[in-house]
1. Is it the case, given these coordinates, that residue 256 is at negative phi, surrounded by fewer than 17 Cβ atoms within 10 Å (Cβ to Cβ), at pLDDT 95 or above and of a type in the set (Gly, Ala, Ser)?
2. Among the listed residues 281, 237, 230, which satisfies the condition of being among the aliphatic types (A, V, I, L, M), outside any strand (DSSP E or B) and either more than 13 Å from the ligand (Cβ to nearest atom) or buried (at least 20 other Cβ atoms within 10 Å of the Cβ) (or both)?
3. Mind checking which helices (runs of 4 or more DSSP H) fall wholly inside region 79-171 and carry at least 1 residues that are farther than 30 Å from residue 322 by Cβ and at pLDDT 95 or above?
4. Counting only residues that are within 16 Å of the ligand (Cβ to nearest atom) and buried (at least 20 other Cβ atoms within 10 Å of the Cβ), which one in region 259-278 is nearest to residue 322 (Cα to Cα)?
5. Kindly provide the set of residues from region 195-209 that are in a strand (DSSP E or B) and either more than 9 Å from the ligand (Cβ to nearest atom) or under 20 Å from the mean Cα position of the chain (by Cα) (or both), ordered by number.
6. Kindly evaluate residue 187 against the criterion of being part of a helix (DSSP H, G or I) and either away from the ligand (no atom under 14 Å from the Cβ) or modelled with pLDDT of 95 or more (or both).
7. Anything in region 431-456 that is assigned to a helix (DSSP H, G or I), polar (S, T, N, Q) and either outside the structural domain of residue 231 (by TED's automatic domain parsing) or farther than 20 Å from residue 242 by Cβ (or both)? List them, or say none.
8. Which of the residues that make up region 284-325 are within 16 Å of the ligand (Cβ to nearest atom), over 22 Å from the mean Cα position of the chain (by Cα) and part of a loop (DSSP other than H, G, I, E, B)?
Amino acid sequence: MFHKLLIANRGEIACRIIRTAKRLGVTTVAVYSEADRAAEHVSFADEAYSLGAPMPSESYLNIEKIIQIAKETQVEAIHPGYGFLSENPDFAEACEAEKIIFVGPPSAVIRKMGLKNEARREMQASKVPVVPGFMGSQSPSVLADMAFKIGFPIVIKPVAGGGGKGMQFVSEPGLFEDALRRAEREAQSAFGNADVLIEKYLPLVRHVEVQIFADQHGSVVHLFERDCSIQRRHQKIIEETPAPHLPDELKRRMWATAITSAKTIGYVGAGTVEFLVDVSIPNPTQFYFMEMNTRLQVEHVVTEMVTGLDLVEWQLLVAAGLPLPLSQDEITFFGHAIETRIYAEEEETFLPAAGKIHHIRWSEPSPNLRIETALKKDDEVSVYYDPLIAKLIAFGRDRSEALQHISKALIDTEVIGVAVNTGLLYQVVQHPEYQQGHFATNFIELQKKVLLFSHRDDIALQALVCGWIAGAWQKAMGWTVNHANTEQNIGLQILNKFYSIPVSFKRSEFLFRDEKSVQHTVAVEVRTPTDISIVLDGQGAFHGKILQLKGASILFWQARAYPFRAQDVNDFEVAEEVGMARELTAPMVGVVAAVFVKPNQLVKKGEKLIILEAMKMEHILVAPYEGSIKKVTVQVGELVPLHGLLIEFL
Ligand code: ADP
């Protein structure tokens, strides 16, 4: 084993790798951008060196600088983590040229698997089934013809793609040309390669991948499968192992195919072979190779939980030239593990969010719960890097036990300062279909309505907030518990919504009427400075936690955070008026890629106004209502800040 390792990454994965290296007695060297000077991975490593400006191209993607630091600090190996340079063959090659061990497969293998068309060709040659499709000519008319032949719906994928970027789903021929241009534009901007391929769109599939490991002596093993079907924007947010309701025979064929794929290409190290399983029939029999990832995956931890192995340790052993520690027969599987990815993002739009962390708290880690994060109070979630801020990984003897642990971990999570997707994750793991293991990659899209905040939730939310502040009102208004009182309007602001709630007290309960004038009864069971438990309408029991932060009150309920305050009713009316601002602002930091409207132009609700490009993706902003454009305050190419003014309406 080598003695000194540089970790060319940041965030939770850098910390994850450092932890194992330390356990193995390997000295660790961190690198960081100026935005990460105070980051966890910097203080956790034995040594740390600045790469430069926050932009990834200046820092975590700066091959020359990283190699220079590696040479100066005399490390023997570099672990690239995931993302950034982990699948960059030029980086692996630069390491090889400097005789530094790259923790990953040889550069030639990365180069081959990094291009989806090359990978498909390679797999087809070794009789691995691939999704029906076309790759070759980039002529728009040839591509259009081929799409027609394959049959709509189809998917256009950048050949150099990853992370769902640039991928376009096209339902009918009329939309093909626009989608192709968009795919090429996004591919060029994200990967510096505009080439695409076309695949048949499979409407009902599960994403199931197989973890494999190969050493430098020709041994290849698999570490079972992971189901990563719960996705938004074609990116995973929940992963688990074993994959529920898949026939054993099918799994065995997938494991064997993954091993064949790895052997075919002379694979070394940790790798993942991704498949789509057709679940349009009850007992699935058909799977298709999608791609091979030549690195450690974000979701590797679920595999660690059920095998008891440390995959980073295995990576380091293999990189040092040692044989795989176990043979296939010695690798065992026990229990069930589920990972949820916590992203800094807006729940409804899935757009990345940024901000400073004012408060952060996680569930207590245990043998049943791992928390992988590097984020701490006062850290800045910046727009420069991936918005993944934490992973919660639960283990149980069976799936229902794992589900219980993951639900609790999500409920316990408190993050203030940046929008997070914990509420959505919680709703998924509570959903009966998910709980029964019945889902496909379209789950979130299909269930979005019930996963998002609903009217029913809104009533419970009002009841919880009213229940908690009722004590204060009773005092202020001279109410007494044993006296039924006339109705009083209570002004409340919860998040950005204003309420005027008619409330009256009746013994230990209180009554309130909702926006539809339906009366509800609330019995307060527990009310402490930090806890509120109520029973709503004699049936639904709800529990929330309260946090006081810088003069604001925040209710944590069902893994969502609701800042609230009581206020004057007049106040509320004014605020509602002000709230209806007649302008379009940027939902995120980004560059204006296109402007479709001019002053005095009439627009219909839903009409395209502006394309904002951020995180290498295009976001179309549409008119929120019918109206007339007063002023366009930005130009193409302009960088706009979060909430920056884009358009004023008349
Ligand atoms: P990327 O490399 O950009 O992550 P992938 O090729 O891995 O893209 O696909 C990401 C996700 O998109 C898959 O997990 C799946 O949900 C969906 N997807 C990809 N190809 C198809 C297809 N041919 N039919 C249906 N869904 C697909």
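The values are calculated or read from the model by the stated rules, or taken from the named source; none is laboratory data. From a predicted model like this one, the values you see are computed outputs, not experimental measurements. As a convention, Cβ positions derive from the backbone with ideal geometry for all residues, glycine included, and neighbour counts pool all protein chains shown.
1. On the way: at negative phi: yes; surrounded by fewer than 17 Cβ atoms within 10 Å (Cβ to Cβ): yes; at pLDDT 95 or above: yes; of a type in the set (Gly, Ala, Ser): yes.
In short, yes.
2. On the way: 237 fails: outside any strand (DSSP E or B); 230 fails: outside any strand (DSSP E or B).
Going through 281, 237, 230 in turn, just one is among the aliphatic types (A, V, I, L, M), outside any strand (DSSP E or B) and either more than 13 Å from the ligand (Cβ to nearest atom) or buried (at least 20 other Cβ atoms within 10 Å of the Cβ) (or both): 281.
3. Values: elements: 89-97, 107-114, 116-125, 140-150.
Where helices (runs of 4 or more DSSP H) fall fully within region 79-171 and carry at least 1 residues being farther than 30 Å from residue 322 by Cβ and at pLDDT 95 or above, they are 140-150.
4. Let us first name the residues in region 259-278 that are within 16 Å of the ligand (Cβ to nearest atom), namely 261, 271-278.
Applying the additional criterion that residues be buried (at least 20 other Cβ atoms within 10 Å of the Cβ) yields 261, 271-273, 275-277.
Values: 261: 22, 271: 17, 272: 20, 273: 23, 275: 29, 276: 33, 277: 35 Å.
Per the stated criteria, the residue is 271.
5. So the first thing to find is which residues in region 195-209 are in a strand (DSSP E or B), and the list is 196-200, 205-209.
196, 197, 198, 205, 206, 207, 208, 209 - these are the residues of region 195-209 that are in a strand (DSSP E or B) and either more than 9 Å from the ligand (Cβ to nearest atom) or under 20 Å from the mean Cα position of the chain (by Cα) (or both).
6. Working: part of a helix (DSSP H, G or I): yes; either away from the ligand (no atom under 14 Å from the Cβ) or modelled with pLDDT of 95 or more (or both): no.
Spelling it out, it is not the case that residue 187 is part of a helix (DSSP H, G or I) and either away from the ligand (no atom under 14 Å from the Cβ) or modelled with pLDDT of 95 or more (or both).
7. First, pick out the residues of region 431-456 that are assigned to a helix (DSSP H, G or I): 432-435, 443-451, 455-456.
Still in the list and also polar (S, T, N, Q): 435, 447.
447, the sole residue that qualifies.
8. If the condition is that a residue be within 16 Å of the ligand (Cβ to nearest atom), over 22 Å from the mean Cα position of the chain (by Cα) and part of a loop (DSSP other than H, G, I, E, B), then 284, 286 are the ones that fit.
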